[in-house]
Amino acid sequence: MEPKKLYRTVEAIASKSFTSNTEMLISVIRELIENYTINLTGGRVWELDSETGVYKLLFQTGKVDRIDDDFSIKISEYPIFGTISKERTVVEKETDMILRSKGIFKYSASGVGDKIRYDGKLYYEYLLALNSNEINEEFKITLNIIATALTSKIKQGKYHLRARELRADIDKARELQKSILPEHEYNFHNYELFGITDPAEIVGGDFFDYLDVGGDSQRLGVTVGDAASKGVSAAAEAMYISGALRMACNFEIKIYPLMKRMNQLVNKIFADDKFASLFYGELSNDKSGLFLYANAGHNPPLFIRKDSDQIILLNSTGPVLGPAPQAVYTVENINFAIGDVLVIFSDGVTESANSEFEQYGDDRLQEILIKSKMKTSKEIAYTILEDVIKFSRNGQYSDDKTLVVIKRVK
């Protein structure tokens, strides 16, 4: 499952009515045990007791032998708790002899909720642990995203009790966000570009930018990002990421180290319930039309050639920014011929829904791109946006919508 779709699936589960955080976590553990594609043999929810420095077992399920309900593990006797505090999610072989005797030999555990201080160090409020002999690094990233979504829900509940946004602060955020967005139209050597963003609220978490890489006007960075939340918080995250990219592009930095650095910055600077998807590509004054790109969990952009209706998807080359600080990103490429078009978009475009809760979807987007590919980049962008808005006019769900269209014209 795509990272952002997985996030939304877990978010939907967590949005149900629960009497406590524990009940929500138990519901998610049960859902994973019953429906995940690999054979998960057991799952547990642990809660930190910061007074005694132990993680207490709150819930257990699965095919392994039952652990005593009052079982707990001391932080001082289990160093992996410190690793989870730093990395959030681990995949490890079980070392506790009592747990091994119950049939738990390999597990993945992830921290959820706020971090609580004990003995001068910070530890997660809750832990989700799942065991299976099939657990691997891919599942580790999946559990990272699940934990991120759950942490976000827990914190939203806490913020809802005390948050009162002031109109003046919102107005300032709106003006600040407007100031960082580039002009819609941009011409770069053989290419014309047009970008537009339509926030769902007064401010939003989407952004796009055109970046003069190295300052010599020979390389142009094109980026679209989406912070996985809404409102002022998302706008602040978007502004930070956009600003960091602008600073990085002042130097002759290659795409792979750029993406690696951006991922580590998001992980370090933002709260651990936050992440962002990011697509970054570079045009150059190259006769072959070379376009290099990396995709950090963003919706795959659509590339279409002038003389064909076949659409090429620029799929993810690494995970979303934030949850996995050691993630690896690869760089891929395409070549623009004259008349070829690339559409980079955020999920607010394809996930816009009508009154029947039907989503606009990838197929509609591809169909309208095929019909409009002979138009200018500006006309293509407005054709798509107007169609999406018309489709979802009476719908209940609305997210930020961002489009950047690139067309080679000579």
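Observations on the model:
- Likely footprinting exposure, Phe59, Phe336, Phe194, fewest C-beta neighbours within 10 Å first: Phe59, Phe194, Phe336
- Neighbour counting of Cβ atoms within 10 Å sorts the residues His189, His298, fewest neighbours leading, into His189, His298.
- Going from the residue with the fewest nearby Cβ atoms within 10 Å to the one with the most, Lys158, Lys407 rank Lys158, Lys407.
- Principal-axis tilt of helix 361-372 within the chain, Cα atoms, nearest 10 degrees: 10
- In this structure, the pairs whose alpha-carbon distance is over 20 Å, taken from Lys16/Lys140; Lys306/Lys375; Lys115/Lys268, are Lys16/Lys140.
- The chain: relative contact order in percent, alpha carbon pairs under 8 Å with at least 6 residues between: 13
- Signed unit charges on C-beta, dipole axis of the chain, positive-most listed residue Leu292, Leu40, Phe345: Leu292
- Toward the positive end of the charge dipole of segment 3-162, with +1 on the Cβ of Lys and Arg and -1 on the Cβ of Asp and Glu, the farthest Cα among Ile75, Phe18, Phe59 is that of Phe18.
- Segment 13-81, relative contact order [Cα under 8 Å, separation at least 6], %: 22
- Selection from Tyr280, Thr383, Leu245, by position along the positive dipole direction of the chain (Cβ): Leu245
- Here the chain is treated with +1 on each Lys and Arg Cβ and -1 on each Asp and Glu Cβ, and its dipole about the Cα centre works out to around 380 debye.
- Assigned charges on the beta-carbon of Lys, Arg, Asp, Glu; segment 3-162 dipole about Cα centre (debye): 600
- Point-to-point label distance, Glu332-Asn394, nm (Cα→Cβ direction, 7 Å offset): 3.9
- Computed over segment 321-397: relative contact order in percent, which uses C-alpha pairs under 8 Å that are six or more apart: 34
- Charge dipole magnitude, Cβ of K and R +1, D and E -1 - segment 224-353, Cα centre, debye nearest 20: 340
- For the chain, the longest principal axis of the alpha carbon atoms and the long axis of helix 137-162 meet at an angle near 90°.
- Distance between the pseudo-spin-label points of Gln310 and Leu122 (7 Å out from Cα toward the beta carbon): 5.0 nm.
- Helix-only [θ]222 nm of the chain, DSSP H runs n ≥ 4, -39500 (n - 2.57) each, per residue, nearest 500: -11000 deg cm²/dmol
- Taking the longest Cα principal axis of the chain as reference, the axis of helix 231-248 is set at about 70 degrees.
Every number in this text was worked out from the coordinates using simple rules, so none of it is lab data. All values derive from a computational prediction rather than experimental measurement. A quick note on method: Cβ atoms are made from the backbone with ideal geometry, for glycine too, and the neighbour counts reach across all protein chains shown.
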